[in-house]
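What follows is a set of notes on a single structure, which appears directly below.
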Amino acid sequence: MGFFIKPPSDGNAIVRASAILPAAGAYDTSPTTIAAENNSEFVFLISYTRGAAGGAVTAKVEFSDDGVTWFQTGHLNAPVFAAGSDSIFGLQRSVLNYQATGASQENFLTPSFTVAARWCRISLKESGVVGTPGTASVRVQLRSSY
């Protein structure tokens, strides 16, 4: 498990310093664990520079109550409603994928994540040209309950 960080007073903490992504399209092996208690929402600020044309970065967000068992975020597929029958939501684990549009550094925000446990972590991997990984950094913006 990575190390724990306490965000500075502005709520914007570095989770992954700018560094080349792991080789062969693998996820970061020791992502930083972020204390999530007393916060209600996370937004990740990601900077990515592709390693080659067609480069892309994939981010996996996970939550844990014990720091051992990690639960990956999920995505719901909206059901089709039909009168007189039950509706079914499709649920699957999900990741975020960002395809670079140019060769220079690109900065983007993730959608917000509702805090679901005591700790959170985000792992990145090159998912475009895995033989030529790009460089990425991550900051997190924490929001407390209002």
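Just so you know, all these numbers are worked out from the coordinates, no wet-lab data involved. All of these numbers come straight from a predicted model, not from anything done at the bench. Neighbour counts are summed over all protein chains in view; Cβ atoms, including those assigned to glycine, are modelled from backbone coordinates with ideal geometry.
In a Gaussian network model over the chain where Cα atoms closer than 10 Å are linked, find which of Gln92, Gln105, Gln72 has the largest mean-square fluctuation.
Taking springs between Cα atoms under 10 Å, the residue moving most is Gln92.
Considering every pair of different Cα atoms, what Kirkwood radius, in Å, is found for the stretch 69-124?
So the Kirkwood estimate lands at 15.0 Å.
Which is farthest toward the positive dipole end of the stretch 53-146 among Thr132, Gln105, Phe89, measuring Cα position about the Cα centre, with Cβ charges +1 (Lys, Arg) and -1 (Asp, Glu)?
Checked the options; the winner is Gln105.
Under the rule of at least 5 residues apart or a separate chain, name every residue whose amide H is placed under 5 Å from the amide H of Val129.
Gly55, Ala56
List Phe81, Phe42 from most exposed to least, where exposure is judged by having the fewest other Cβ atoms within 10 Å. Display every interim value, and only then the final one.
Working: Phe81 8, Phe42 23.
So the residues, fewest neighbours to most, are Phe81, Phe42.
Could you check which residue among Val15, Val57, Val43 shows the biggest mean-square fluctuation in a GNM of the chain with a 10 Å Cα cutoff?
Among Val15, Val57, Val43, the largest mean-square fluctuation in the Gaussian network model of the chain belongs to Val43.
Any idea what % of Cα-Cα pairs in the chain are farther than 27 Å? Present the calculation step by step, with values, prior to reporting the outcome.
Numbers: 2938 of 10585 pairs.
Tail of the P(r) past 27 Å holds 28 percent of the pairs.
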